[in-house]
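Before any comments, here is the structure.
Every number here is computed from the coordinates shown, using simple stated rules; none is lab data. All of these numbers come straight from a predicted model, not from anything done at the bench. Cβ placement follows ideal geometry from the backbone for every residue including glycine, while neighbour counts extend to all protein chains displayed.
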Amino acid sequence: MRNCDHDTPTSSQRSANRLATALAAVCSGRRLRLVILALAVLAPALLPKTAGAQNVNINWDTRRAFEYLQKVCEIGPRVSGTDGMLKQQTLIIDHFRQFGCEIRAQAFDVAHPQTGVPVRMTNLVISFDPSAKQRVVLGCHYDTRPFPDQDRVRPRGPFIGANDGASGVALFMEMAHHMKTIKPRYGVDFVLFDGEELVYDEFGKYFLGSEYFARWYRDNPPDYQYVCGVVADMVADKNLELYIERNSWKMAPKVTQSLWATARNMQVKEFVYSQKYEIRDDHLALNEIAGIPTADIIDFDYPYWHTTRDTARSCSATSLAKVGRVLLQWLTEVPIEPGDK
Ligand SMILES: [Zn+2]
């Protein structure tokens, strides 16, 4: 039996959260979640071929996937604990219900970083083949940053988070259509992390949802095991360039390599087999706290990052399709054994 709790915020919590959001508008601060430590491109070891890998037939619906991204964006900002986030949760749960997968909500409260008022956080865990004891976790965050603080003109304008938020959600929404036909090697959990960036200033605490999830997995070992994981973040950039992220390479080299090998076999050149950025993202908690070797697929060369222009118009249906097809193919292979990194 897996731990599973699902609570709905009370209206007082909701109005408290609304108040907190309003209060946030008067204070400000900046900090990059993603720390760029190095720009040099490393010449990696030769990428091994995936032995015997056969490409599965994937009828990715490019338009439908992008419509999911647009639908999520139409909600508006989806900051943790706000009505926008609640609306998004409803949309997501209604969507995944049609696939007969198991949907669990992992709820917890955190003190709002500015007001101290409790904010209800909810990670959503969507399980395919839930009885499988060996599983792969695919994660993305689904909250949006309160403000577009990298926007030079409107740092307190609306932040829609089309690439930084909705792209991962849309990716999983479309992938769900294909999970039965592709026959993944392991059971698969999509995990939508809340509170990745409920952050207003340089002292903000990131990764609340992924850290909670990772601690829960470590402290309450379930009767199944995550063999490995992948986090997807900002995967719909029009000019998609997915370099190998350095922390992923260090902590989950085999997982990382296998993803880029699958992309190469599929001739998806947007997966660039070079290292570029070292990024702090939700994969750190999975690696460091939960001990799940996890790679991050992220395009950090996105000109609209944390600006008001991170909207659906800055995103590409084709980019989303490329990442989706690689991930689906990879799920059929996952050349990772328990204990591998
Ligand atoms: Zn962000």
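Give me the pairs, please: first residue somewhere in the range 115-132 and on the phi > 0 side of the Ramachandran plot, second residue anywhere and surrounded by 17 or more Cβ atoms within 10 Å (Cβ to Cβ) and part of a strand (DSSP E or B), beta-carbon distance under 9 Å, and either six or more positions apart or on two chains.
As it stands, the answer is Asp129/Arg135; Asp129/Gly187; Asp129/Val188, since those pairs meet every condition given.
Which count do you get for residues in the range 229-246 that are more than 16 Å from the ligand (Cβ to nearest atom) and either surrounded by fewer than 24 Cβ atoms within 10 Å (Cβ to Cβ) or of a type in the set (A, V, I, L, M) (or both)?
Number satisfying all stated conditions: 9.
What tally of residues in the range 272-286 results from selecting those that are surrounded by 19 or more Cβ atoms within 10 Å (Cβ to Cβ), in contact with an Asp or Glu (Cβ under 9 Å, 6 or more places away or on another chain) and under 24 Å from Arg325 (Cβ atoms)?
Residues in the range 272-286 being surrounded by 19 or more Cβ atoms within 10 Å (Cβ to Cβ), in contact with an Asp or Glu (Cβ under 9 Å, 6 or more places away or on another chain) and under 24 Å from Arg325 (Cβ atoms): 7 in total.
Against the conditions (1) within 16 Å of the ligand (Cβ to nearest atom); (2) surrounded by fewer than 17 Cβ atoms within 10 Å (Cβ to Cβ); (3) not polar (S, T, N, Q), where does Leu192 fall short? Just the number, please.
The failed condition is (2).
Taking only pairs six or more apart or across chains, which ones have beta-carbon atoms under 6 Å, a first residue in the range 151-164 that is farther than 14 Å from Thr311 by Cα, and a second residue that is more than 9 Å from the ligand (Cβ to nearest atom) and part of a loop (DSSP other than H, G, I, E, B)?
Arg154/Thr308; Pro155/Asp149; Arg156/Phe147
Here is a list: Ile298, Ile289, Ile336. Which entry is within 16 Å of the ligand (Cβ to nearest atom) and either surrounded by 21 or more Cβ atoms within 10 Å (Cβ to Cβ) or among the β-branched types (Val, Ile, Thr) (or both)?
Ile298 is the lone residue from the list that is within 16 Å of the ligand (Cβ to nearest atom) and either surrounded by 21 or more Cβ atoms within 10 Å (Cβ to Cβ) or among the β-branched types (Val, Ile, Thr) (or both).
Quickly run through the range 73-94 and pick out the residues that are in contact with a Ser or Thr (Cβ under 6 Å, 6 or more places away or on another chain) and of a type in the set (Lys, Arg).
Within the range 73-94, Arg78 is the sole residue that qualifies.
Working carefully through the options Ala166, Ala170, Ala176, find the one that is within 17 Å of the chain's Cα centre (by Cα), in a helix (DSSP H, G or I) and within 15 Å of the ligand (Cβ to nearest atom).
Residue meeting the stated conditions: Ala166.
Exactly one of (1) under 28 Å from Tyr68 (Cα atoms); (2) touching a Lys or Arg at 6+ places or on another chain (Cβ under 7 Å) is unmet by Ala252. Its number?
Single failed check for Ala252: (1).
For the range 195-217, indicate whether the set of residues that are part of a loop (DSSP other than H, G, I, E, B), away from the ligand (no atom under 16 Å from the Cβ), farther than 21 Å from Arg145 by Cβ and touching a residue at least 24 places away in the same chain (Cβ under 8 Å) is non-empty.
Checking the range 195-217: not a single residue is part of a loop (DSSP other than H, G, I, E, B), away from the ligand (no atom under 16 Å from the Cβ), farther than 21 Å from Arg145 by Cβ and touching a residue at least 24 places away in the same chain (Cβ under 8 Å).
Could you tell me whether Arg145 is part of a loop (DSSP other than H, G, I, E, B) and under 19 Å from the mean Cα position of the chain (by Cα)?
When the stated conditions are applied, Arg145 passes them.
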